[in-house]
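Comments concern the structure below.
The values are calculated or read from the model by the stated rules, or taken from the named source; none is laboratory data. What you are looking at is a predicted structure, and each value in this text was computed from that prediction instead of being measured. Here the Cβ positions follow ideal geometry from the backbone for every residue, glycine too, while neighbour counts run over all protein chains shown. For the accessible areas, the whole protein counts, side chains as well, though only heavy atoms, and no ligand, DNA or RNA atoms are used. Shrake-Rupley method; radii C 1.70, N 1.55, O 1.52, S 1.80 Å.
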Amino acid sequence: MDELSLDRIIFVPSKVSPHRSSAEYVSGEDRMEMLRLSFGNDSRFQASGYELGEDRVSYTIYTIEHFRSLYPDDELFLLVGSDMLMCFDKWYRFRDILSQAALAVVSRKNGDMTELLEKAEELSEYGRIIVCKAPAVELSSTEIRKKIAKNENLTCYLDENVVQYIRYRDLYSK
C-alpha cells in the first residue's frame with residue numbers, strides 16, 4: 001500500500017476460479033467475514049462480494065471492468081503474487097486486463113527477482129507492470145489450510161480474530 005501510494009485495497013474473493021475446484025472453497029459468507037475480521041477498523045481495506053454474486057467463472061477481466069465502471073477516473077492496480085505473473089500471459093484476456101489496470105507483483109519466493117523482472121519486461125508492451133520491493137512472502141493459502149487441518153498455531157500468519165473464527169466455524173479442517 002505504501003510503496004504504490006494506494007488509497008485503499010479492495011479484496012475480492014472469487015466464487016469460481018478458473019484454476020480451482022469449487023470444492024476447495026469455504027462459503028463466500030465465511031470468506032467475507034474473515035476479511036472483515038482481518039481489517040478491523042482500518043477503512044483503507046475493504047472486501048467486495050462482487051465475484052461472489054456472479055453466476056459465472058471469476059475471470060479477472062470481468063472484475064476489472066466492474067471496478068473500472070465504479071471508479072472511471074482512478075488508476076486501478078491488480079495486486080498478484082509472483083507465481084501469477086509467471087503465467088499471466090495465459091490468463092483469459094490478459095491484454096485487456098493490462099490495458100485497464102496496472103499489474104503490481106509481490107514476490108512469493110526469495111531469489112526470484114531476476115526472473116520476475118524479465119517476465120515483467122516481456123509483458124510490459126501490453127501495460128504497466130510494477131514489481132514491488134516488498135520482502136518475499138513464502139507462504140501460500142494452501143500451506144495455511146494444511147496447518148489448520150493439523151491444528152497448528154496460526155497467529156503468526158493470521159489475525160487472532162480470524163484464527164478464532166476459523167476454529168469456531170471448523171473451517172478447512174477436513
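A simple spin-label model places pseudo-atoms 7 Å from Cα toward Cβ; at residue 11 and residue 46 they are separated by 1.5 nm. With a 1.4 Å probe rolled over the protein heavy atoms of all chains, the accessible area of 43, 124 falls in the order 43, 124, largest first.
Could you report the chain's accessible area per residue, 1.4 Å probe, as an integer in Å²?
60 Å²
Across the protein chains, with a 1.4 Å probe defining accessible surface, the residues 2, 30 rank 2, 30 from largest area downward.
When N is the residue count of segment 100-174, what does its C-alpha Rg come to as a fraction of 2.2 N^0.38 Å?
Details: Rg = 16.9 Å, N = 75, 2.2 N^0.38 = 11.3 Å.
The reported ratio for this selection is 1.49.
Restricting the calculation to alpha carbons of segment 133-174 gives Rg and Dmax of 11.1, 37 angstrom. The value of relative contact order for segment 41-174, using C-alpha pairs under 8 Å at least six residues apart, is 18 percent.
A viscosity of 0.692 mPa s and a temperature of 37 °C, combined with the Kirkwood radius over Cα pairs in Stokes-Einstein, give a translational diffusion coefficient for the chain of 187 µm²/s.
Would you please classify the overall shape of segment 7-96 from the alpha carbon gyration tensor, given that a ≥ b ≥ c denote the square roots of the eigenvalues, rounded means a/c under 1.5, and beyond that prolate means a/b larger than b/c while oblate covers the rest?
On the way: a/c = 1.55, a/b = 1.10, b/c = 1.41.
Note, shape of segment 7-96 comes out oblate.
Carbon and sulfur: what percent of the chain's accessible surface (1.4 Å probe)? If you can, show how the numbers build up before the last one.
On the way: 5060 of 10500 Å².
Ligands and nucleic acids excluded, carbon and sulfur reach 48 percent.
Think of each Lys and Arg Cβ as +1 and each Asp and Glu Cβ as -1; about the Cα centre, that makes the dipole of the chain roughly 620 debye.
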